[in-house]
Amino acid sequence: MTTAHWSTTTLNTGAFTTIVRAGTVLASGWTEDPEYLLALINTELRPDELMRVDDLGVVTTALLRYDEGDLAAIDEIPVRQVSGPFVTHAWDVLRKVAPGGQVTYAELAERAGKGSAHRAAAATCARNAAALFVPCHRVQRRDGTLGGFRYGLDRKAALIAHEAKYASVDAA
């Protein structure tokens, strides 16, 4: 039987819940319902049991530092998600998009090695269970509009504004 821990942290963008097993983020997002996040975790990784804790240690610390403007604080937190080769690689590529930077779905597809797969890049974002840690909020449509975001376009815009306020971006 596998057990993961979860906690909800209050960020400027709202209540943010994270599910962690062995120091690795399995799922995260703007909800106070861990069962919602549990359903997003691939069945290969889904824990049998969730245990609430007040603090997730370095994960909670990284979230609070990010919220205070240390945008790189979340970069070193390990994340584990399972999917096919393209999606898994695209998630890794997304983690390299600098805070404050934006890429289009087509650019994400190109960086992930499949330049014509912009719809697959959009699906990569839709399947992302580890919001913020895998920053799909940094992906937009080619025309500059925000595109989609599981937790709402207002929140996506707030994240982009937060990062723009604190980021020193050389290039996305």
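The values are calculated or read from the model by the stated rules, or taken from the named source; none is laboratory data. Not measured: the values here are computed from a predicted model. Here the Cβ is made from the backbone with ideal geometry for all residues, glycine too, and neighbour counts use every protein chain on show.
Counted as qualifying within the range 1-120 are the strands (runs of 3 or more DSSP E) with 1 or more residues that are loosely packed, with under 14 Cβ neighbours inside 10 Å and among the charged types (D, E, K, R), namely 49-52. Screening the candidates Arg141, Arg155 for the property of being in contact with a Ser or Thr (Cβ under 7 Å, 6 or more places away or on another chain), closer than 26 Å to Gly14 by Cβ, at pLDDT below 95 and not assigned by TED's automatic domain parsing to the domain that holds Gly69 yields one hit, Arg141. So how many residues does the range 54-104 have that are in contact (Cβ under 8 Å) with a residue 40 or more places away in the chain and closer than 14 Å to Ala121 by Cβ? Total meeting the criteria: 7.
Evaluation of Val93 against the conditions (1) under 25 Å from Pro78 (Cβ atoms); (2) more than 15 Å from the chain's Cα centre (by Cα) shows that the sole unmet condition is (2). One residue stands out in the range 124-156 among those that are touching a helix residue (DSSP H, G or I) at 6+ places or on another chain (Cβ under 7 Å) and aliphatic (A, V, I, L, M): the one that is farthest from Tyr66 (Cα to Cα), namely Leu146. Within the range 121-154, the set of residues being surrounded by 17 or more Cβ atoms within 10 Å (Cβ to Cβ), in a loop (DSSP other than H, G, I, E, B) and out of contact with any strand residue (DSSP E or B) (no Cβ under 7 Å at 6 or more places or on another chain) comprises Asn128, Pro135, Phe149.
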